[in-house]
Amino acid sequence: MSLKNIIIEPDPILRKESEHVENIDDNIRKLLDNMLETMYAAPGIGLAAVQVGILKRVIVIDISKNEEKKNPLFLINPEIISKSKKTSVYEEGCLSLPGHFAEIERPAECQIKFVDYNGKEKELLANGLLATCIQHEVDHLNGVLFIDYLSKLKKDMIIKKLIKHKKELNKVVL
Ligand code: GNR
Ligand code: NI
(Lines give C-alpha, C1' and ligand atoms only; values in the text may rest on other atoms or scores of the structure.)
(Ligands and ions follow the chains in the order given, each with its own letter.)
Protein backbone atom coordinates (compact mmCIF):
# COMPACT_ATOMS: atom_id res chain seq x y z
CA MET A 1 0.00 0.00 0.00
CA SER A 2 1.10 3.57 -0.39
CA LEU A 3 0.18 7.01 0.83
CA LYS A 4 -1.13 9.50 -1.72
CA ASN A 5 -0.70 13.28 -1.66
CA ILE A 6 -3.88 15.13 -0.78
CA ILE A 7 -4.70 18.03 -3.10
CA ILE A 8 -5.41 21.34 -1.37
CA GLU A 9 -7.82 24.03 -2.57
CA PRO A 10 -7.53 26.11 -4.71
CA ASP A 11 -6.83 23.53 -7.42
CA PRO A 12 -8.86 23.13 -10.63
CA ILE A 13 -8.91 19.32 -10.20
CA LEU A 14 -11.09 19.67 -7.09
CA ARG A 15 -13.73 21.46 -9.22
CA LYS A 16 -14.02 18.70 -11.84
CA GLU A 17 -16.76 16.12 -12.05
CA SER A 18 -15.50 12.57 -11.36
CA GLU A 19 -16.29 9.73 -13.77
CA HIS A 20 -18.46 6.70 -13.26
CA VAL A 21 -16.44 3.50 -12.64
CA GLU A 22 -17.21 0.80 -15.22
CA ASN A 23 -15.22 -2.18 -13.91
CA ILE A 24 -14.55 -3.09 -10.30
CA ASP A 25 -11.17 -4.77 -10.75
CA ASP A 26 -7.94 -5.10 -8.77
CA ASN A 27 -6.86 -1.62 -9.91
CA ILE A 28 -9.93 -0.04 -8.31
CA ARG A 29 -9.46 -2.14 -5.17
CA LYS A 30 -5.80 -1.04 -4.99
CA LEU A 31 -6.93 2.60 -5.29
CA LEU A 32 -9.50 2.06 -2.49
CA ASP A 33 -6.84 0.43 -0.25
CA ASN A 34 -4.41 3.31 -0.82
CA MET A 35 -7.15 5.88 -0.22
CA LEU A 36 -8.11 4.20 3.07
CA GLU A 37 -4.49 4.19 4.24
CA THR A 38 -4.13 7.86 3.23
CA MET A 39 -7.35 8.78 5.06
CA TYR A 40 -6.30 7.01 8.29
CA ALA A 41 -2.85 8.65 8.12
CA ALA A 42 -4.25 12.17 7.58
CA PRO A 43 -6.33 11.51 9.79
CA GLY A 44 -9.81 11.94 8.38
CA ILE A 45 -13.19 10.20 8.39
CA GLY A 46 -13.73 10.28 4.63
CA LEU A 47 -11.83 10.68 1.36
CA ALA A 48 -12.91 10.99 -2.26
CA ALA A 49 -10.57 9.85 -5.07
CA VAL A 50 -10.51 13.35 -6.58
CA GLN A 51 -8.72 14.53 -3.42
CA VAL A 52 -5.76 12.35 -4.44
CA GLY A 53 -6.03 13.51 -8.05
CA ILE A 54 -8.04 10.61 -9.48
CA LEU A 55 -11.30 11.58 -11.13
CA LYS A 56 -13.26 8.40 -10.43
CA ARG A 57 -16.49 8.11 -8.45
CA VAL A 58 -15.06 6.28 -5.44
CA ILE A 59 -15.13 7.16 -1.76
CA VAL A 60 -13.79 5.68 1.46
CA ILE A 61 -15.34 6.47 4.84
CA ASP A 62 -14.69 5.36 8.42
CA ILE A 63 -16.47 7.22 11.18
CA SER A 64 -15.51 4.72 13.91
CA LYS A 65 -13.66 6.29 16.83
CA ASN A 66 -11.89 3.19 18.05
CA GLU A 67 -8.47 2.42 16.56
CA GLU A 68 -8.93 -1.33 17.10
CA LYS A 69 -12.45 -1.60 15.74
CA LYS A 70 -12.03 0.03 12.36
CA ASN A 71 -15.14 0.04 10.21
CA PRO A 72 -14.16 1.05 6.66
CA LEU A 73 -16.87 1.71 4.10
CA PHE A 74 -16.01 1.60 0.39
CA LEU A 75 -18.49 3.32 -1.91
CA ILE A 76 -18.19 3.02 -5.69
CA ASN A 77 -20.56 5.04 -7.91
CA PRO A 78 -22.60 6.26 -4.91
CA GLU A 79 -25.95 7.81 -5.75
CA ILE A 80 -28.15 9.62 -3.27
CA ILE A 81 -31.64 8.23 -3.88
CA SER A 82 -33.45 10.23 -1.21
CA LYS A 83 -32.78 12.87 1.41
CA SER A 84 -34.84 13.74 4.51
CA LYS A 85 -36.62 17.07 4.87
CA LYS A 86 -35.24 17.24 8.38
CA THR A 87 -31.78 18.77 8.47
CA SER A 88 -28.87 18.67 10.89
CA VAL A 89 -25.83 20.84 11.43
CA TYR A 90 -22.29 19.52 11.85
CA GLU A 91 -18.97 21.27 12.14
CA GLU A 92 -17.29 20.11 8.94
CA GLY A 93 -13.65 19.90 8.06
CA CYS A 94 -12.04 18.81 4.81
CA LEU A 95 -8.59 17.38 4.13
CA SER A 96 -8.46 19.63 1.05
CA LEU A 97 -9.12 22.70 3.28
CA PRO A 98 -6.63 22.07 6.10
CA GLY A 99 -7.21 24.13 9.25
CA HIS A 100 -10.67 25.36 8.27
CA PHE A 101 -13.97 24.31 9.81
CA ALA A 102 -17.54 25.51 9.49
CA GLU A 103 -21.02 24.54 10.57
CA ILE A 104 -22.91 23.22 7.55
CA GLU A 105 -26.61 22.35 7.39
CA ARG A 106 -27.54 19.30 5.33
CA PRO A 107 -30.38 16.76 5.17
CA ALA A 108 -30.18 14.72 8.40
CA GLU A 109 -30.75 11.40 6.63
CA CYS A 110 -29.96 10.10 3.18
CA GLN A 111 -30.48 6.86 1.36
CA ILE A 112 -27.79 5.79 -1.09
CA LYS A 113 -27.24 3.17 -3.73
CA PHE A 114 -23.64 2.11 -4.42
CA VAL A 115 -21.36 -0.72 -5.53
CA ASP A 116 -19.18 -2.25 -2.80
CA TYR A 117 -15.52 -3.46 -2.72
CA ASN A 118 -16.55 -6.78 -4.28
CA GLY A 119 -18.60 -5.24 -7.06
CA LYS A 120 -21.95 -5.97 -5.42
CA GLU A 121 -24.82 -3.44 -5.61
CA LYS A 122 -25.99 -2.28 -2.20
CA GLU A 123 -28.26 0.26 -0.51
CA LEU A 124 -27.71 2.08 2.75
CA LEU A 125 -29.85 4.39 4.87
CA ALA A 126 -27.59 6.76 6.80
CA ASN A 127 -28.15 9.28 9.56
CA GLY A 128 -26.01 11.34 11.95
CA LEU A 129 -22.36 11.98 11.09
CA LEU A 130 -22.39 9.20 8.47
CA ALA A 131 -25.16 10.94 6.49
CA THR A 132 -23.24 14.23 6.61
CA CYS A 133 -19.97 12.56 5.61
CA ILE A 134 -21.57 10.73 2.67
CA GLN A 135 -23.06 14.00 1.37
CA HIS A 136 -19.71 15.79 1.83
CA GLU A 137 -17.95 13.04 -0.18
CA VAL A 138 -20.59 12.87 -2.93
CA ASP A 139 -20.19 16.66 -3.24
CA HIS A 140 -16.46 16.08 -3.94
CA LEU A 141 -17.40 13.75 -6.82
CA ASN A 142 -19.36 16.68 -8.29
CA GLY A 143 -16.61 19.27 -7.75
CA VAL A 144 -18.29 20.84 -4.69
CA LEU A 145 -16.55 21.79 -1.42
CA PHE A 146 -18.23 22.76 1.87
CA ILE A 147 -16.97 26.34 1.53
CA ASP A 148 -19.37 26.67 -1.43
CA TYR A 149 -22.20 26.79 1.14
CA LEU A 150 -20.69 29.75 3.00
CA SER A 151 -21.07 33.46 2.24
CA LYS A 152 -18.75 34.78 -0.48
CA LEU A 153 -16.91 36.78 2.18
CA LYS A 154 -16.12 33.73 4.34
CA LYS A 155 -15.31 31.58 1.32
CA ASP A 156 -12.92 34.16 -0.16
CA MET A 157 -11.19 34.60 3.19
CA ILE A 158 -10.59 30.84 3.51
CA ILE A 159 -9.29 30.58 -0.08
CA LYS A 160 -6.94 33.50 0.53
CA LYS A 161 -5.52 31.77 3.63
CA LEU A 162 -5.15 28.50 1.72
CA ILE A 163 -3.18 30.23 -1.06
CA LYS A 164 -0.83 31.60 1.60
CA HIS A 165 -0.63 28.16 3.27
CA LYS A 166 0.27 26.51 -0.04
CA LYS A 167 3.02 29.07 -0.67
CA GLU A 168 4.49 28.25 2.77
CA LEU A 169 4.37 24.53 1.95
CA ASN A 170 6.29 25.16 -1.28
CA LYS A 171 8.98 27.10 0.61
CA VAL A 172 9.55 24.08 2.89
CA VAL A 173 9.86 21.75 -0.08
CA LEU A 174 12.29 24.00 -2.00
O1 GNR B 1 -12.11 14.24 8.05
C2 GNR B 1 -13.17 14.79 7.71
N3 GNR B 1 -14.05 15.16 8.67
C4 GNR B 1 -15.35 15.58 8.41
C5 GNR B 1 -16.08 16.15 9.44
C6 GNR B 1 -17.38 16.56 9.23
C7 GNR B 1 -17.96 16.39 7.99
C8 GNR B 1 -17.25 15.84 6.95
C9 GNR B 1 -15.95 15.42 7.16
S10 GNR B 1 -15.07 14.67 5.85
C11 GNR B 1 -13.43 15.08 6.28
C12 GNR B 1 -12.45 14.40 5.36
C13 GNR B 1 -12.62 14.92 3.95
O14 GNR B 1 -12.17 15.95 3.55
N15 GNR B 1 -13.36 14.20 3.15
O16 GNR B 1 -13.59 14.63 1.88
NI1 NI C 1 -13.54 16.79 2.03
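Restricting everything to alpha-carbon atoms, can you work out Rg to Rh for the chain with a Kirkwood hydrodynamic radius? Radius of gyration relative to Kirkwood radius: 0.96.
If the label point is 7 Å along Cα→Cβ of Glu79, which residues in segment 92-120 have backbone nitrogen under 11 Å from it? Only 113-115 pass the distance filter.
In this structure, Lys122 and Lys171 have a Cβ-Cβ separation that, at R0 = 35 Å, corresponds to a calculated FRET efficiency of about 0.15. Here r is the Cβ-Cβ distance between Glu37 and Asp11 and R0 is 22 Å; the resulting FRET efficiency, rounded to 0.05, is 0.50. The residues Glu68, Glu19, sorted by heavy-atom accessible surface at 1.4 Å with ligands and nucleic acids left out, run Glu68, Glu19 from largest to smallest. Calculated [222 nm] ellipticity per residue, helices only, for the chain: -10000 deg cm²/dmol; basis is -39500 (n - 2.57) per DSSP H run with n ≥ 4, divided by all residues, nearest 500. Per residue, the solvent-accessible area of the chain (1.4 Å probe, heavy atoms of protein chains only, all protein chains present) comes to 58 Å². Distance from the C-alpha centroid of segment 34-85 to that of segment 95-174: 11 Å, rounded to the whole angstrom. Shown for segment 65-121: the carbon plus sulfur share of the solvent-accessible area, taken with all protein chains present and a 1.4 angstrom probe, equals 46%.
Among the trypsin sites (Lys or Arg not before Pro) in segment 70-174, those placed in a DSSP loop whose Cβ has at most 15 other Cβ atoms within 10 Å are Lys70, Lys85, Lys86, Lys120.
Shown here: segment 25-87, whose C-alpha atoms stretch 36, 29, 19 Å along the first, second and third principal axes, sorted largest to smallest. Of the solvent-accessible surface of segment 1-53, computed with a 1.4 Å probe and all protein chains present, 48% belongs to carbon and sulfur. Extending 7 Å from Cα along the Cβ direction at Ile159 and again at Lys65 yields two label points whose distance is 3.7 nm.
The values are calculated or read from the model by the stated rules, or taken from the named source; none is laboratory data. From a predicted model like this one, the values you see are computed outputs, not experimental measurements. Cβ atoms come from the backbone with ideal geometry, glycine included; neighbour counts cover every protein chain shown. Keep in mind that these areas ignore ligands, DNA and RNA; they rest on the heavy atoms of the full protein, side chains included. Shrake-Rupley method; radii C 1.70, N 1.55, O 1.52, S 1.80 Å.
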